[in-house]
1. With a cap of 11 neighbouring Cβ atoms within 10 Å, and only residues DSSP puts in a loop, list the trypsin sites (Lys or Arg not before Pro) found in the range 5-67.
2. I need the chymotrypsin sites (Phe, Trp or Tyr not before Pro) found in the range 41-88, filtered to DSSP loop residues with at most 15 other beta carbons within 10 Å of theirs.
3. Could you give log10 I(q)/I(0) at q = 0.17, 0.19, 0.21 Å⁻¹ for the chain, computed by the Debye formula over C-alpha point scatterers of equal weight, without solvent?
4. Leaving out same-chain residues fewer than 8 places away, which lysines sit with a Cα under 29 Å from that of K16?
5. For the range 38-92, which GluC sites (Glu not before Pro) are both in a DSSP coil and crowded by at most 16 other Cβ atoms within 10 Å?
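Read-outs throughout are calculated quantities, based only on the coordinates presented, and are distinct from any laboratory measurement. The structure displayed is predicted, hence computed values, not measured ones. Quick reminder, even Gly has a Cβ in these numbers, built from the backbone with ideal geometry, and neighbours come from all protein chains shown.
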Amino acid sequence: MVFNVLEDLKSHLQGKIIILGIGNTLRSDDGAGSILANRIKDKVPFIVFDVGISPENYLDKIIKERPDTILIIDTGDFGGKPGELRVVEGKV
């Protein structure tokens with residue numbers, strides 16, 4: 001399933017890519033981003049960080065890598081069905 005999701009995201013993944021998994025594994029589904037980051041870390045050709053609940057602590061590492069694209073994986077309540085994915089884009 002992870003690879004299907006990444007395949008669907010291919011058009012959004014441009015240049016040097018960093019994936020950030022955000023979440024608290026002690027809080028049930030809130031840990032999904034962290035769990036996914038750990039599962040894909042050595043299986044995708046991208047830089048992957050499990051940033052836990054403190055993504056700001058990784059800013060130096062992210063800036064040093066100079067990525068073109070940052071994919072943030074996190075849970076959120078957006079009114080969707082359980083397990084539904086939503087792509088939210090933003091540009092700097």
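1. In loop regions of the range 5-67 (DSSP not H, G, I, E or B), the sparsely surrounded trypsin sites (Lys or Arg not before Pro) are R27, K43.
2. Working: sites: F46, F49, Y58, F78; in loops: F46, F78.
Those that pass, being in a loop and sparsely packed, are F78.
3. Ignoring solvent entirely, the Cα scatterers give -0.75, -0.95, -1.17.
4. Partners found: K41, K43, K61, K64, K91.
5. E84, E89
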